[in-house]
Amino acid sequence: MSDRTIQPAATHSPLAAVMWPARPGETVGHWRAAVLIALGSALMALSAKVNLPLPYVPMTLQTLVVLMIGAAYGWRLGSATMVAYLAEGAMGLPVFAGPIGGIAPLVGPTAGYLYGFVLAALVIGWFAERGWDRNVMLLFAAMAIGHLVIFVAGFCWLAYGIGLGATKAWMVGVVPFIAASVVKNALGAALMPAVRRIVDRRG
């Protein structure tokens, strides 16, 4: 019998932690997290305003930003950023795709996608912390999974939460976004490993 013990899956620091490391026991770690969350939620708000209005669900750049934040921040900080973004909207700040904030978007047709952002950032961050952000094909696959998480959450809410039914929810909530999602995956999967290589070389 081997005397080697089973080791947990290897992890590595996400891009944000490499570019701005937080040292244990230092207060700056809390400020670092607060600043990164603020920057991430601001990017989410800006990406929401770049949108193509469609029935029920507008097409925005948000999913690309969600996946990039998850890959750059890791699962804890990435999902915390999405929670902060939703909280800002719930408080009335105009951070969503429409002209208003408040509770309405969080219970309306787009609610499933918004909640899916939290899970998608968590999933992408988990993969990134296992080195998938270094490889184009692996990151493309991870981002595809992230998009799938968002689509499943959005589809289920449209179909059953607000009662559109499966067929209509599929046609208005998934089909119009498939091609754009592939393009976003390719863009994110090409950009993140390239930035990672530059940062790693400088480090």
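Values quoted throughout were computed directly from the atomic coordinates according to the rules given, and no laboratory measurement underlies them. For clarity, every value in this text was computed on a predicted model and none was experimentally measured. We place every Cβ from the backbone using ideal geometry, glycine too, and count neighbours over all the protein chains shown.
Show the residues, 5+ positions off or on another chain, whose built amide H is closer than 5 Å to the amide H of M59. So M59 has HN proximity to L52, L54.
Relative protection proxy for 88-96, 164-172, from highest mean packing down: 88-96, 164-172 (other beta-carbon atoms within 10 angstrom). Counting only alpha carbon atoms, the long axis of helix 178-202 and the longest principal axis of the chain meet at about 20°.
Ordering of 153-160, 187-194, 77-84 by packing is 77-84, 153-160, 187-194, highest average first (other Cβ atoms within 10 Å, averaged per residue). Going by neighbour counts of Cβ atoms within 10 Å, the residues D133, D200 line up, fewest first, as D200, D133. Between the labelled values (1) 41, 38, 33; (2) 44, 41, 38; (3) 56, 43, 33, the entry that holds Cα extents along the principal axes in Å as derived from this structure is (3). Counted by neighbouring Cβ atoms within 10 Å, the residues K49, K184 run from fewest to most as K49, K184.
Rounded to the nearest 20 debye, the dipole size of the chain about its Cα centre is 360 debye, using +1 on the Cβ of Lys and Arg and -1 on the Cβ of Asp and Glu.
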